[in-house]
Structures are given as C-alpha cells and as structure tokens.
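Asker: This is the structure, below, for whatever I ask next.
Coordinate-derived values only; no laboratory data. As the structure is a computational prediction, the values presented were derived from the model and not from experiment. Using ideal geometry, Cβ is built from the backbone for each residue, glycine included, and neighbour counts are taken over all protein chains shown.
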Amino acid sequence: MNEVQVNRRYARQIAIPQIGVAGQARLQTARVLVIGAGGLGSPALFYLAAAGVGTLGIADDDLLSSTNLNRQILYTPAGIGRNKVEQAARRLRAFNPEITIIPHIMRVSRANGPALIADYDLVVEATDNLASKALINELCVRARVPLVWAGVQRFEGQLSVVLPGHACRRCIFPELPEPGSQQSPAELGIIGATAGVIGTLQALEALKVLLGIGTPLVDQLLLWDGLHHSFEKIQVTRTANCPHCGQNEE
Ligand SMILES: [Zn+2]
C-alpha cells in the first residue's frame, strides 16, 4: 500500500487536530460491523468507508427491491432481485479500495450473532425492525461491544450510543415489541433524506467512539424532526434492574 496516496486520500481529515495521523492510524486498524445494508446502512457505510475505517463488515440477508431505491443509495436498478450485501461490498470496494469489506449474507440471530459481533470493535445497528434492534442491543451489551443504534420513519429519526457500563436501548424501551405489532416501513413511509441524515450521524458517532473524541450520544437519546427541523437531546439513565445492562446482571 502506498503511504503517500493513503495520506492524500485522508489529508482533509488528518488536518483536523482531533484526528491527525495517529487518529487516522487508529481508524485503519478499526473493525466496524454494520447490521442492515438499507436506508441507514447506505450512508453509514459510505461515510465509514470514506473515513478509512480499515475493516467494514456488512450483515444483511435481503434482496434488493425497486421500493428500496428511494433511500438505499448504495444500489442501482441493475441489482434488483439480487443480494444486497454483495452489491454493497462491490460498491464500497470501488469507492475505497484501501479498506477491507467483509460481506456477511445472514440475518443476525440469537444463535449466530454472538460470534459475529465478537469479531468487531463496534456495531452500527441499521435495521428496519424493532425485534432486531432489541436483539442487537442485547447481544452488544453482553459482548461489551460499543453500539450505535438508530431508527427512522417518515421525517423523523432517533439515535443513541451504548457503551459498556452505560444505559442501553432496553433502558429506554423496557417493553419488548409484540410480534407483528410494529408498522412496517411500507406502511409508515420514509423519505430517503431522513435515513441520510440519521445514517450519517451514526457514522459520525461511530468515528467519535473509535477515536475517543468529542461527546458521543452516551446516556442520551437524540430525537430529530426534519419536517419542523428540531434536534432534541434527552438524558437517559441506566436502569438498575435492566435485564441487559443493569447492575444486578453484572
Ligand atoms: Zn439497559
């Protein structure tokens, strides 16, 4: 690998005092898993790849549908009906050949999730359903792997960061979703720019955690309303009796 070329690619971010050459080297050794290669995963993966995160895993088992294309900017109509993860890997390798992209064609489950997550430094949860969000939170807390999770619908999004010893997603949403109770993206609707804003913020939060800079959204929930443009941060506290992160469990 040509050192000069690499540095030129990242020159504009190495110029930032909080990153520098040392921070860039840290990103190059980092391993980030993005679960969900859809509306949130597309911008999150692009900006993590752009920043030079050395290893990016992508886990998803969906095939591309034409209805995905209003927000899932990794893809083109040529890929409709084909596996998303492989197309995403090809697109990201072309975008940044300096990094390693690992496709995982799988739906993360209680059975296969722990071994997958244990292989990464940080997880970006970018799925579109509450059951997966709850499960990925649980698996990351148990593995003590930092998690950046988010959710979007219509013109609204929410985002938070879970680090070991801090409030997890279950502390915020103690009730597990009833099977079949959640309205699907097809019913609720989503505009691509909403996923773009929140997925991009997920990438930024992941980079902050990897670099150990700034104030990540730990013990905080960000609520974004794009239609009326408000950003609201809500303080959240770790629940002592949380089944995942509570003191009673450690
Ligand atoms: Zn918790």
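Asker: Pairs of alpha-carbon atoms within less than 8 angstrom and 6+ residues apart define the contacts here; what relative contact order does segment 139-250 have, in percent?
Answerer: Taking the mean separation of contacting Cα pairs over the length of segment 139-250, I get 33 percent.
Asker: Could you run the Karplus curve 6.51 cos²θ - 1.76 cosθ + 1.60 with θ = phi - 60° over segment 183-189 and give me ³J(HN,Hα) per residue in whole Hz, x for Gly and Pro?
Answerer: 6, 7, x, 5, 7, 6, x
Asker: Of 11, 42, 75, which is farthest on the positive side of the dipole of the chain, counting Cα position, with +1 on Lys and Arg Cβ, -1 on Asp and Glu Cβ, and the Cα centre as origin?
Answerer: Ranked along the dipole, the leading option is 11.
Asker: Just check segment 167-227 against the gyration tensor rule for me: Cα atoms, a ≥ b ≥ c as the square roots of the eigenvalues, rounded for a/c under 1.5, and otherwise prolate or oblate depending on whether a/b exceeds b/c.
Answerer: On the way: a/c = 2.62, a/b = 1.34, b/c = 1.95.
Oblate shape, in that a/c is at least 1.5 and b/c is the bigger or equal ratio.
Asker: While we're looking at this one, here's another question. Give the long-range amide H neighbours of residue 238: residues separated by 5 or more places, or on another chain, with amide H under 5 Å away, using H modelled in the peptide plane at 1.01 Å from N.
Answerer: Amide H neighbours of residue 238, under 5 Å, 5+ apart: 167.
Asker: Would segment 1-96 count as rounded, prolate or oblate if I go by the C-alpha gyration tensor, calling it rounded below 1.5 in a/c and otherwise prolate when a/b exceeds b/c, oblate otherwise?
Answerer: Prolate shape, in that a/c is at least 1.5 and a/b is the bigger ratio.
Asker: What's the magnitude of the charge dipole for segment 29-177 around its Cα centre, counting Lys and Arg as +1 and Asp and Glu as -1 at the beta-carbon? Answer in Debye, nearest 20.
Answerer: With only Lys, Arg, Asp and Glu charged at Cβ, the dipole is about 40 debye.
Asker: Still on this model: Measuring from centroid to centroid over Cα atoms, what is the spacing of segment 34-69 and segment 153-197 in Å?
Answerer: 17 Å
Asker: Looking at the chain only, what percent of DSSP beta bridges run antiparallel? Nearest 5 please.
Answerer: Antiparallel bridges: around 45 percent, rounded to the nearest 5.
Asker: Run the numbers on segment 143-195 and let me know its relative contact order in percent, using alpha-carbon pairs under 8 Å that are six or more apart.
Answerer: In percent, rounded to a whole number, it is 41.
Asker: Determine the dipole magnitude for the chain: charges of +1 sit on the beta-carbon of Lys and Arg, -1 on that of Asp and Glu, nothing else is charged, the reference point is the Cα centre, and the result goes in debye to the nearest 20. Please report the intermediate quantities before stating the final value.
Answerer: Numbers: 22 positive and 21 negative charges, 136 e Å.
About 660 debye.
Asker: Check residue 124: other-chain or 5+ apart residues with amide H under 5 Å from its amide H, H built from backbone geometry?
Answerer: Sorted by chain and number, the residues that satisfy this are 33, 34, 35, 148.
Asker: List the aspartates and glutamates whose Cα lies under 19 Å from the Cα of residue 208, skipping any in the same chain that are fewer than 8 positions away.
Answerer: The qualifying aspartates and glutamates are 121, 125, 219.
Asker: Same structure, new question: How would segment 145-250 be classified by its alpha-carbon gyration tensor: rounded, prolate or oblate, with rounded meaning a/c under 1.5 and the a/b versus b/c comparison settling the rest?
Answerer: oblate
Asker: Further, regarding this structure: For the chain, what is the calculated [θ] at 222 nm in deg cm²/dmol (nearest 500), taking -39500 (n - 2.57) for each run of four or more DSSP H residues and dividing by its residue count?
Answerer: Using -39500 (n - 2.57) per qualifying helix, the result is -10500 deg cm²/dmol.
Asker: Specify which residue in the list 224, 214, 176 is farthest towards the positive end of the charge dipole of segment 110-250, using unit charges on the beta carbon of Lys, Arg (+1) and Asp, Glu (-1), about the Cα centre.
Answerer: Among 224, 214, 176, the one farthest towards the positive end of the dipole of segment 110-250 is 214.
Asker: Can you give me the P(r) profile for the chain? Cα pairs, bins 5 angstrom wide beginning at 0, each as a whole percent.
Answerer: Result returned by the calculation: 1, 6, 14, 18, 20, 18, 13, 7, 3, 1, 0.
Asker: In whole Hz and in residue order, list the ³J(HN,Hα) couplings for segment 113-122 that follow from phi through the Karplus curve 6.51 cos²θ - 1.76 cosθ + 1.60, θ = phi - 60°; x for Gly and Pro.
Answerer: Each residue of segment 113-122 in turn: x, x, 5, 5, 5, 4, 8, 10, 7, 7 Hz.
Asker: While we're on this one: Please list 3J(HN,Hα) in residue order for segment 23-40, calculated via the Karplus relation 6.51 cos²θ - 1.76 cosθ + 1.60 where θ = phi - 60°; whole Hz, with x for glycine and proline.
Answerer: Running phi through 6.51 cos²θ - 1.76 cosθ + 1.60 with θ = phi - 60° gives x, 5, 5, 5, 5, 5, 8, 7, 10, 10, 9, 9, 9, x, 10, x, x, 7 Hz.
Asker: Under a 10 Å cutoff between Cα atoms, tell me which one of 196, 113, 180 has the largest fluctuation in the Gaussian network model of the chain.
Answerer: 180
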